[in-house]
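Encoded as structure tokens, the structure appears first; notes follow it.
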Amino acid sequence: MKMRHTSKYIFSICLVLSSLLIQAQAKKTDSIPVKTNRYGLRFGVDLSKIARSFYEDKYKGLEVVGDYRLTKKYYLGAELGNENKTVNDDQLNFTTKGSYFKAGFNYNIYDNWLDMENLIYIGMRYGVSTFSQTLNSYKIYNANPYFPDTPAIASGEKFSGLSAQWAEVVVGINAKVFNNFYVGFSLRANLLFSNKKPNTFDNLYIPGFNRTYDGNFGAGFNYTVSYFLPIYKKKVETTLVKKDVKKK
Amino acid sequence: MKKILILLLIVAFSLSGCEKDDICDPNTPTTPRLIVDFYDIQDPTKTKNVTDLAIVGDGMTTGILFPSESRIQVPLQLTEDTTKYSFILNSKNSNPALIFTDVIEFNYSRKTVYVSRACGYKTVFDLNNDTTLPNPYVLNNDPTASTGNWIKFLTVENYNIENENETHIKIYF
């Protein structure tokens, strides 16, 4: 568990540093100040889920991400994913399988220099997931054991037709690495507002929402690689004027 | 710009660092024990303390000792619908003639109830309350007995054993 966190930190640091590096390089280039904004569709995958599918035992997950630039600052954003996760806790062992879809918007708060096309954004999502849970085994908690301890009880009971809905607040970056390829990272704070639970169990993991806690809050993240498909261009004039004024 | 990146880093660290400890809180009601209250047969409204009451489960070598209490907690077996105990009064007395033993068998049904991630499931019990089933308690292996060697009378106060806040069995002696 510690190791996984450490690698998460290293990855975050590398990512942030690399985005700084990209900006530093961009600052050096001197080009003609004709500013156009490109509009189009960006689509990619969450690398962290693919990586976890390899190194984490009993986890399979895939998430495709996409966004579409609506205005200078606003982007439509969406994620579509599928997860299959087995959790092995002290008292419970269960498998959650299901799909999820999240849709919302991103607002770019980063002022790009010249023809840079990076994003530091905040956004919101509405998430919905349908899934099933299989209780593989469980233990009876006995605070006052006197008789020989009861072993874990194998169950295999499957709870189907479960669903959940939630809202996410997203903070993220998307840095252009080369050509139209982007590397991104986003953090999500989740608020569960609808949760269809089984009668004799709980939704301890919800695909897309991740682990649930006692309250309605949850958290998530993704590391994405994506490709930007330009569709049309728009000239930006207002910012040019401003910059000329500053130069004088 | 740099401030935002630093903020992002802080958020990233704090989020991945917040993994809750999954330890079952001792205050969470989990599998309950059978609560037995002792009353004075001379004055049935008054509780009476037992002296060095040892209860030993059938097939167990060690018992649970209650030095001087009027309320005791009796663990039930989670794998069987019956639990048999020897209730040994004055168990520490040097004079064997003053040590009294009664054997009580409790008969019940079990239900498994989900508690939480950390606690998993608990078992709750229903003492038998149906003439077609074995009696909820059997004294000294005699289903018709109501008086034992030191126990004068037994009543079931609560057939449902779901928590430890209420009396389930009253014993008068």
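What is the extension gain from B:Arg71 to B:Thr112, computed as 0.36 nm multiplied by their sequence separation minus the C-alpha to C-alpha distance, in nm to one decimal?
On the way: separation 41, 0.36 × 41 = 14.76 nm, distance 2.58 nm.
Answer, rounded to one decimal: 12.2 nm.
Could you sort B:48-55, A:155-162 so that the peptide with the highest average Cβ count within 10 Å comes first and the rest follow in order? Please report the intermediate quantities before stating the final value.
Values: B:48-55: 18.9, A:155-162: 13.8.
Descending packing order for the listed peptides: B:48-55, A:155-162.
Using only alpha carbon positions, build the gyration tensor of segment B:28-172, then give the equivalent ellipsoid semi-axes as the square roots of 5 times its eigenvalues, largest first, whole angstrom.
Calculated on Cα positions only, the semi-axes equal 26, 17, 15 Å.
Please give the Cα centre distance for segment B:42-77 versus segment B:95-121, rounded to the nearest Å.
12
I'd like the FRET efficiency for A:Ser132 and A:Lys58, computed as 1/(1 + (r/R0)^6) with the beta carbon distance as r and R0 of 22 Å, rounded to 0.05.
On the way: r = 16 Å, r/R0 = 0.71.
Working from the Cβ atoms, E equals 0.90.
How about segment B:35-139: which GluC sites (Glu not before Pro) there lie in a loop by DSSP and see at most 15 other Cβ atoms within 10 Å?
B:Glu80
Over the whole of A:154-161, what's the average partner chain Cβ count within 10 Å per residue? Rounded to a whole number, please.
Mean inter-chain Cβ contacts per residue within 10 Å come to 0.
Using the Cα centre of segment A:38-247 as origin and beta-carbon charges of +1 (Lys, Arg) and -1 (Asp, Glu), tell me which of A:Asn210, A:Leu162, A:Phe185 is placed farthest towards the positive end of the dipole.
The Cα lying farthest towards the positive end belongs to A:Phe185.
Suppose we keep just the alpha-carbon trace of segment A:90-248; what are its Rg and Dmax in angstrom?
That works out to 23.4, 87 Å for Rg and Dmax.
Using the per-residue mean of other Cβ atoms lying within 10 Å as a proxy for protection, in what order, highest first, do the peptides A:119-131, A:184-196 fall?
Per-residue mean Cβ counts within 10 Å order the peptides as A:119-131, A:184-196.
So what is the relative contact order for segment A:91-220, in percent, with contacts set as C-alpha pairs under 8 Å and at least six apart?
Details: 288 pairs, mean separation 32.3, N = 130.
Dividing the mean separation by the residue count of segment A:91-220 yields 25 percent.
At 0.36 nm per residue, and after removing the present C-alpha to C-alpha distance, how many nm does the segment from B:Asn95 to B:Asn160 gain when stretched out fully?
Fully extending the segment from B:Asn95 to B:Asn160 adds 19.5 nm.
If you add up the charges near A:Leu80, with Lys and Arg at +1 and Asp and Glu at -1, over every other residue whose beta carbon is less than 11 angstrom from its beta carbon, what do you get? Walk me through the numbers before you get to the answer.
Working: positive: A:Lys102; negative: A:Asp46, A:Glu63, A:Glu79.
Residues near A:Leu80 contribute -2 overall.
Would you mind giving the mean number of other chain beta-carbons within 10 Å of the Cβ of each residue in B:62-75, as a whole number?
Taking the mean over all residues of the peptide, I get 1.
With each run of n ≥ 4 DSSP H residues scored as -39500 (n - 2.57), what mean residue ellipticity at 222 nm is computed for chain B after dividing by its residue count and rounding to the nearest 500 deg cm²/dmol?
Helix-only estimate at 222 nm: -3000 deg cm²/dmol.
Residue by residue through B:118-131, how many Cβ atoms from other chains fall within 10 Å of the Cβ on average?
Numbers: counts 6, 7, 12, 11, 4, 4, 0, 0, 0, 0, 0, 0, 0, 0.
Per residue, the number of nearby Cβ atoms from other chains is 3 on average.
Just flag the trypsin sites (Lys or Arg not before Pro) in segment B:88-173 sitting in loop per DSSP whose Cβ has no more than 13 other Cβ atoms within 10 Å. Walk me through the intermediate numbers first.
Values: sites: B:Lys92, B:Arg110, B:Lys111, B:Arg117, B:Lys122, B:Lys152, B:Lys170; in loops: B:Lys92, B:Arg117, B:Lys152.
Of the trypsin sites (Lys or Arg not before Pro), the ones in loops of segment B:88-173 whose Cβ has at most 13 other Cβ atoms within 10 Å are B:Lys92.
On a straight-distance basis, which aspartates and glutamates could pair with A:Lys49 in a cross-link, Cα separation under 12 angstrom, same-chain partners fewer than 8 positions away excluded?
Filter leaves A:Glu63, A:Glu83.
Choose one of A:Pro145, A:Val236, A:Leu92: the residue whose Cα lies farthest towards the positive end of the charge dipole of segment A:38-247 (beta-carbon charges +1 Lys, Arg; -1 Asp, Glu; about the Cα centre).
So the residue we want is A:Val236.
Using the structure shown, select from A:Lys73/A:Lys176; A:Lys58/A:Lys197; B:Lys46/B:Lys122; A:Lys35/A:Lys176 the pairs with a Cα to Cα distance greater than 28 angstrom.
The answer is B:Lys46/B:Lys122.
Angle check, please: helix B:2-17 long axis (alpha carbons) against the longest principal axis of chain B (alpha carbons), in degrees 0 to 90, nearest 10.
Long axis of B:2-17 versus the principal axis of chain B: about 20 degrees.
Read-outs throughout are calculated quantities, based only on the coordinates presented, and are distinct from any laboratory measurement. Small disclaimer: the values here were computed from a predicted structure and weren't measured. When we count neighbours, we look across all protein chains shown, and the Cβ atoms used for this are built from the backbone with ideal geometry, even at glycine.
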